[in-house]
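To start, the structure under review is shown below, and the notes come after it.
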Amino acid sequence: MLIPLPHHLLERTGHFHLTTDTALRLTPGTEPVAELLRTALGPSAGLPLPAAADGALSLVIDPALSGLGPEGYGLTVGSEAVLLRAGTLAGLRNGATTLLQLLPPAALGATPVRDVVWRLPRVEITDRPRFPWRGAMLDVARHFQPLSFLKRFVDLLALHKLNVFHLHLTDDQGWRMPVAAHPALTEIGGWRAESMVGRAGSGRFDGIPHGGYYTRGELTELVKHAASRGVTVVPEIELPGHTRALLAAYPHLGNDPTRRLPVWTEWGVCPNVLGVSDAAVELCREVLAEVMDVFPAEHVHIGGDECPVVEWESSEAALARVRAEGLSGPAALRGWFLRRMAAFLLENGRTPVSWDEGEEAALPPETLTMSWRTGEHTALAARRGHRVVATPWDRTYLDYPRSADPAEPLGQDGVVTLDAVAGFDPAPARLPHAEAVLGTQAQLWTEFAPTPDDVEYLAFPRLAALAEAAWSAPGAAPARGARSLSERLVKHGERLDKLRVNHRTPRRPPAPQDSPLG
């Protein structure tokens, strides 16, 4: 059972059997996908999949297949041969992901499996995504997550044909991005006095120091790993609010240079924000320059949300900046600051991204807006000429519990159910300027997710449902007997089990004469 649903799928009777003799016929440029298949199927199925001119499983990149778009593919499985073709390497990767999902779930395991027949059902699939931006954001500032898990998370994104990994690197509670010219950002800003522990109703801070940060080499390794799986890492440096960790490292850049603040150990919106001195602006440019050097992605996120103005209202330096720049008042300083960061990125050939409050700061129209509040904010950003990634909290924020069950782990106040995610349409036809919506992504803030297991439990199966919303046309029924998402998630849960993902997928008996498709 496939997730996400393909655009067009036709089932036929019979199967193609993969054995240790099965070889790959490769055309130029397809070797990276061949290696992905070998990496996936070697440990469990023991399939070497060597290259051979007469291989029965053909991987073809043909630029003439322009009708498939930049990420589409065609897959034909016959009883004697398999043909996977696309116009691009990205499309071929997506097709390989479908091929892996067509195999028994045991194929995704990490240990050898015996007594399983490795076979693909005979199908014809023509597929392409609805949106080019299909992603997930992971906050590593509230709780640091190890590099090994970030790579695993990328692999899980790729399994669901998600192609953007938005990495939230800095916040009030921690700074994880190394900046060579400013080592205190990580040496001081990377650590706080305590961490959150506990389950629902019993959450508390434990008094045990928490922190960590990545080396430049680790982040470069992550970018390379993600690129090999067709995933782009989009970094976020939160500005000018959510900067308490920065202020702990460099107090003179705040609104009271004589004050010493520790890295924040609370959640919510911190009242301490960056000052608006020339030195603060210059440091942030230097940070973004290093970010661009490490992350080759077109997009760089600069935050822009939840920036209290109380410190600016009482700061003589901030009020002097208001007068010097001819601004309407202290609240306008957020826009003044963000416009300088956005201009710096644009001057360097990158596209700035902000949360929707940042968009209200009159940022350049090239700025991509993530509309996290409501669909009305999506429409507002589009009317102002911005491209939009739809990220409404009540449909895409996976740090909210999945139900009101008191046994659920501690989380935000509220619920985002699996059905709410599954029913999400990022760009309904009734939405004004729906064509401005570039796609959607999940958000997973980690106030209440200290470990990788916690992150996975919050993510799955809701992230699988969002992947379908990002890929498949709403209401699509591309296959005879296509199963509902809830039915397909049962089978998908078996895949997650083989991958040792900590999830809670509903367990239901399969329908009679269950199909491996749809």
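If you put +1 on each Lys and Arg Cβ and -1 on each Asp and Glu Cβ, how big is the dipole of the chain around its Cα centre, in Debye rounded to 20?
Values: 50 positive and 60 negative charges, 286 e Å.
With only Lys, Arg, Asp and Glu charged at Cβ, the dipole is about 1380 debye.
What 222 nm value per residue comes from the helices of the chain, counting each DSSP H run with n ≥ 4 as -39,500 (n - 2.57) and dividing by all residues, nearest 500 deg cm²/dmol?
Details: 17 runs with 166 residues, N = 518.
My calculation for the chain gives -9500 deg cm²/dmol from helical runs alone.
For segment 29-72 and segment 106-123, write down the distance between their C-alpha centroids in whole Å.
Computed from Cα coordinates, the inter-centre distance equals 17 Å.
Report the equivalent ellipsoid semi-axes for segment 398-475 in whole Å, largest first, defined as the square roots of five times the eigenvalues of the gyration tensor built from alpha carbon atoms.
Details: eigenvalues 138, 31, 25 Å².
The three semi-axes for segment 398-475 are 26, 12, 11 Å.
What percent of all Cα-Cα pairs in segment 201-329 falls into each 10 Å bin, going from 0 up to the bin containing the maximum distance?
Here the calculated profile for segment 201-329 is 11, 33, 32, 19, 5, 0.
Report relative contact order for segment 222-277 in percent, whole number only (criteria: Cα-Cα under 8 Å, sequence separation at least 6).
Working: 56 pairs, mean separation 20.0, N = 56.
That works out to 36 percent.
Can you give me the accessible area per residue for segment 63-206, using a 1.4 Å probe, in Å²? Walk me through the intermediate numbers first.
On the way: 4900 Å² over 144 residues.
Per-residue value: 34 Å².
Where does each of 498, 224 land when they are ordered by accessible area, with a 1.4 Å probe and the largest first?
Listed by decreasing accessible area, they come as 224, 498.
Amide H neighbours of residue 52 under 5 Å, at least 5 residues apart or on other chains, H built in the peptide plane: list them.
For residue 52, whose amide H was placed from the backbone, the distant partners under 5 Å are 24, 25, 26.
Just want the answer: with Cβ charges of +1 for Lys and Arg and -1 for Asp and Glu, which residue in 489, 45, 276 is farthest toward the dipole's positive end in the chain?
Checking the options against the dipole of the chain, the answer is 45.
Any idea what the alpha-carbon Rg over 2.2 N^0.38 Å comes to for segment 49-122?
On the way: Rg = 13.5 Å, N = 74, 2.2 N^0.38 = 11.3 Å.
Relative to the 2.2 N^0.38 Å estimate, segment 49-122 comes out at 1.20.
Enter the mean projected area of the convex hull around the alpha-carbon atoms of segment 328-425, in nm², rounded to one decimal. Please report the intermediate quantities before stating the final value.
Details: hull surface 32.6 nm².
Average of the hull's projected areas for segment 328-425 equals 8.2 nm².
Modelling each spin label as a point 7 Å along the Cα-to-Cβ direction, I'd like the residue 215/residue 267 distance in nm, to one decimal.
It works out to 3.3 nm between the two label points.
Counting heavy atoms of the protein chains only and a 1.4 Å probe, report the per residue accessible area for segment 290-389 as a whole number of Å².
For segment 290-389, the solvent-accessible area averages 39 Å² per residue.
Distance between the C-alpha centers of segment 228-277 and segment 391-442? Whole Å please.
27
Measuring from label point to label point, each 7 Å out along Cα→Cβ, what is the residue 113 to residue 313 span in nm?
6.1
For segment 430-442, in order, what is each residue's ³J(HN,Hα) by Karplus, 6.51 cos²θ - 1.76 cosθ + 1.60 with θ = phi - 60°, in whole Hz (x at glycine and Pro)?
Those phi angles translate into 6, 6, x, 6, 4, 5, 7, 6, 7, x, 8, 7, 7 Hz.
Choose one of 20, 133, 82: the residue whose Cα lies farthest towards the positive end of the charge dipole of segment 1-136 (beta-carbon charges +1 Lys, Arg; -1 Asp, Glu; about the Cα centre).
133
To the nearest whole percent, what portion of all C-alpha pairs in segment 109-168 is separated by more than 19 angstrom?
Working: 964 of 1770 pairs.
Result for the distance tail: 54 percent.
So between residue 205 and residue 20, what do we pick up on full extension, going 0.36 nm a residue minus the alpha carbon distance? Intermediate results must be reported in sequence, preceding the final value.
Details: separation 185, 0.36 × 185 = 66.60 nm, distance 5.33 nm.
Gain on stretching residue 205 to residue 20: 61.3 nm.
Please report, as a whole percent, how much of the solvent-accessible surface of the chain comes from carbon and sulfur atoms (probe radius 1.4 Å). Before the final figure, lay out the partial values.
Values: 10740 of 19960 Å².
In the chain, the share of accessible area belonging to carbon and sulfur is 54 percent.
Expressed in nm to one decimal, what extension gain is obtained for the pair residue 124 and residue 62 from 0.36 nm per residue of sequence separation less their Cα-Cα distance?
20.5 nm
Residue 417: accessible area at probe 1.4 Å, nearest 10 Å²?
It works out to around 50 Å².
Percent of alpha carbon pairs in segment 165-257 separated by more than 22 Å?
On the way: 1679 of 4278 pairs.
That tail contains 39 percent of the Cα-Cα pairs.
Could you work out the pair-distance distribution P(r) of segment 9-135 from its alpha-carbon pairs, with 10 angstrom bin width and percents rounded to whole numbers?
For segment 9-135, the pair-distance distribution reads 13, 45, 34, 7, 0.
With label points built 7 Å along Cα→Cβ from the Cα atoms of residue 193 and residue 415, find their separation and express it in nm.
Taking the two extended label points, one gets 3.7 nm.
Amide H to amide H under 5 Å from residue 122: which residues, 5+ apart in sequence or cross-chain, H placed 1.01 Å off N in plane?
12, 14, 15, 16
I'd like the Karplus ³J(HN,Hα) series for segment 312-325: coefficients 6.51, -1.76, 1.60, θ = phi - 60°, whole numbers in Hz, and an x wherever there's a Gly or Pro.
5, 5, 10, 9, 4, 5, 5, 5, 5, 5, 4, 5, 5, 8
Please report the base-10 log of the normalised intensity I(q)/I(0) for the chain, using a Debye sum with one equal scatterer per alpha carbon and no solvent, at each q in 0.12 (1/Å).
Listed by q, the Debye log ratios stand at -1.11.
Given H placed 1.01 Å from N in the peptide plane, which residues other than close sequence neighbours of residue 78 have an amide H under 5 Å from its amide H?
Placed amide hydrogens put 83 under 5 Å from residue 78.
Go through segment 414-426 residue by residue and turn each phi into a ³J(HN,Hα) via Karplus (6.51, -1.76, 1.60, θ = phi - 60°); whole Hz please, and just put x for glycine and proline.
Working through the residues one at a time gives x, 9, 10, 7, 4, 5, 5, 5, 5, x, 6, 10, x Hz.
Need one word for segment 299-383: rounded, prolate or oblate. Basis is the Cα gyration tensor (sqrt eigenvalues a ≥ b ≥ c); a/c below 1.5 gives rounded, then a/b vs b/c decides.
The shape class here is oblate.
At 0.36 nm per residue, and after removing the present C-alpha to C-alpha distance, how many nm does the segment from residue 39 to residue 306 gain when stretched out fully? Intermediate values should be presented prior to the final figure.
Values: separation 267, 0.36 × 267 = 96.12 nm, distance 4.30 nm.
Stretched fully, the residue 39-residue 306 segment lengthens by 91.8 nm.
Which Cα, out of 436, 378, 424, lies furthest along the positive dipole direction of segment 345-474 (beta carbon charges, K/R +1, D/E -1)?
Farthest along the dipole direction, towards plus: 436.
The values are calculated or read from the model by the stated rules, or taken from the named source; none is laboratory data. None of the values given here were measured: they were computed from a predicted structure. Neighbour counts are summed over all protein chains in view; Cβ atoms, including those assigned to glycine, are modelled from backbone coordinates with ideal geometry. The protein model used for the area step is the full one, side chains on, heavy atoms only, and it has no ligands, DNA or RNA in it. Shrake-Rupley method; radii C 1.70, N 1.55, O 1.52, S 1.80 Å.
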